[in-house]
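A.B. asks: Below is one structure. I have some questions about it.
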Amino acid sequence: MAGNRRTSRTSRHAARGLSTRAIHAGEDRSRYADSITTPIVQTSTYAFKDTAEIAAYTRGGKERFEYGRYGNPTELVAARRLAALEGAEDCVVFSSGMSAVTTTILAMVRAGDHIVITDDAYKKTLEFCSSYLQRFGVGCDIIPFGDYDALDAAVRAETAFIFSESPTNPYLNIFDLEKLRAIAERHGVRTVIDGTFATPINQRPLEWGVDLVIHSGTKYLGGHNDILAGAVLGRRELIDPIRALHKAIGGVIDPHCCYLLLRGMKTLALRVARQNSTAQRVAEFLADHPRVKRVYYPGLPDHPHHGIAARQMSGFGGVVTFDVKGRLADVKRFLDALELCYIAPSLGGVETLITHPASVSYYNQTRKRRYELGITDTLIRLAVGIEEPDDIIADLDQALRKSAPRRR
Ligand SMILES: *Cc1c(COP(=O)(O)O)cnc(C)c1O
């Protein structure tokens with residue numbers, strides 16, 4: 001399909017606010033059967049009227065769909081809408097965030113290349129870069145997040161790109177995108193930011209000179225803990241080879257899932273605004289709580305990157321990480337005492353979810369290694385939903401009180 005068709009419907013909305021784009025961008029003004037919603041085109045293939053139409057298509061003139069792995073009308077609307085939100089020229093939607101990450105990375109490297117990634121990137125992304133890529137002769141340097149000198153020093157002639165996240169998991173570290181841009185420009189390397197935790201509502205890295213932005217649509221974009229999805233966004237010349245590889249690797253999102261993604265995005269701005277304000281309140285509540293040792297939230301002035309976050313983000317996000325006083329047994333009693341918050345991985349949905357990184361993502365590491373990675377036994381990551389903030393706070397409070405360390 002000709003590229004300009006992808007974004008022609010987004011340009012109309014480019015001057016409009018993010019809430020408006022989240023609802024309208026990417027859609028044709030009139031739709032099948034005059035439906036207000038974008039239809040789910042549940043098909044795996046598309047029929048040609050006759051051989052003349054095949055000829056018109058293959059000679060590149062006619063814009064139409066051919067086969068499900070190469071595109072679908074519902075998916076096209078989702079891609080355009082995301083591009084409009086992120087301020088990107090082009091977008092590819094994937095079946096999961098990891099499909100977006102791995103396809104993007106594979107499209108950007110050749111044997112002999114090297115990449116640089118920061119150490120608190122998403123665990124599966126780090127694993128892919130540090131172990132799987134090696135099999136194909138791609139080197140990888142993992143540098144400590146926030147050490148810009150180390151980052152600068154790690155870039156070599158063979159470096160294809162710098163990959164990082166902002167905010168990161170679980171400490172919500174914020175990458176200084178001005179510094180990233182300066183380093184990338186000095187070396188002439190590309191940059192990729194996984195912006196899942198921020199969404200385009202809170203942070204728009206392309207405006208800071210980042211080349212590609214990745215999202216796990218499973219989190220805030222879908223927003224209802226009911227789908228897996230992913231996306232990569234950027235300039236068309238960078239997206240084209242990723243789209244080409246995507247067609248071969250085949251991590252395509254199905255049309256029904258795209259519908260749910262579109263539906264979720266309609267309320268993205270509302271949900272994120274609510275999650276920002278709830279998280280701020282919860283963070284302040286926890287910071288004052290006698291059972292809490294330390295709170296990590298970029299909206300709190302004592303967060304190491306509060307200043308950077310305030311400069312380059314328009315909201316501090318819906319995730320709050322904190323360290324509970326006591327020992328592992330007390331943390332377990334805290335988790336087991338929760339009545340509203342669910343103990344579950346993931347974030348960004350309408351339900352408040354809580355995770356205990358030491359026993360989930362890092363369970364197979366030794367305690368010593370976990371502590372080296374900064375994952376203490378008492379660390380908790382809370383991803384607020386859109387419930388009544390007072391109810392979330394009350395649930396945390398009762399569970400914290402019930403799990404006060406017993407006299408030993
Ligand atoms: C969840 C997540 C991913 C992976 O996304 P999936 O949709 O689960 O494949 C990648 N990066 C970040 C920051 C995430 O939170």
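A.B. asks: Based on the alpha-carbon gyration tensor of segment 3-267 and its eigenvalue square roots a ≥ b ≥ c, which shape applies: rounded if a/c is under 1.5, prolate if not and a/b is larger than b/c, or oblate?
C.D. replies: prolate
A.B. asks: Take every Cα pair under 8 Å in the chain that's 6+ residues apart, average their separations, divide by the length, and report that relative contact order as a whole percent. Spell out each step's value before the answer.
C.D. replies: Values: 794 pairs, mean separation 63.3, N = 408.
About 16 percent, as a whole number.
A.B. asks: Among GLY112, TYR67, THR102, flag the residue with its Cα farthest along the positive direction of the charge dipole of segment 56-123, charges on Cβ as +1 for Lys/Arg and -1 for Asp/Glu.
C.D. replies: Of the listed residues, the answer is TYR67.
A.B. asks: A further question on this structure: So which of LYS123/LYS219; LYS219/LYS368; LYS123/LYS402; LYS368/LYS402; LYS219/LYS247 end up more than 22 Å apart by C-alpha?
C.D. replies: Working: LYS123/LYS219 16 Å; LYS219/LYS368 30 Å; LYS123/LYS402 32 Å; LYS368/LYS402 29 Å; LYS219/LYS247 24 Å.
Over 22 Å apart, Cα to Cα: LYS219/LYS368; LYS123/LYS402; LYS368/LYS402; LYS219/LYS247.
A.B. asks: What part of the accessible area of segment 109-247, given as a whole %, is carbon or sulfur when the probe is 1.4 angstrom?
C.D. replies: It is 49 percent, rounded to a whole number.
A.B. asks: Now a separate question. Where a ≥ b ≥ c are the square roots of the eigenvalues of the C-alpha gyration tensor, would you call segment 101-166 rounded, which needs a/c under 1.5, or, failing that, prolate if a/b is larger than b/c, or oblate?
C.D. replies: Here segment 101-166 falls in the oblate category.
A.B. asks: Let me check the size of segment 317-408 from its C-alpha atoms; what are the radius of gyration and Dmax in Å?
C.D. replies: 13.2, 39
A.B. asks: Then there is this: Can you give the % of DSSP beta bridges in the chain that are antiparallel, to the nearest 5?
C.D. replies: Counting DSSP beta bridges with both partners in the chain, the antiparallel share is about 55 percent.
A.B. asks: For segment 3-267, with every protein chain kept in place, what is the accessible area per residue (1.4 Å probe, Å²)?
C.D. replies: Working: 11050 Å² over 265 residues.
Per residue, segment 3-267 has 42 Å² of solvent-accessible surface.
The values are calculated or read from the model by the stated rules, or taken from the named source; none is laboratory data. From a predicted model like this one, the values you see are computed outputs, not experimental measurements. For neighbour counting, all protein chains shown are included, and Cβ atoms are generated from backbone atoms with ideal geometry for every residue, glycine included. SASA here: full protein model, heavy atoms, side chains in, ligands and nucleic acids out. Shrake-Rupley method; radii C 1.70, N 1.55, O 1.52, S 1.80 Å.
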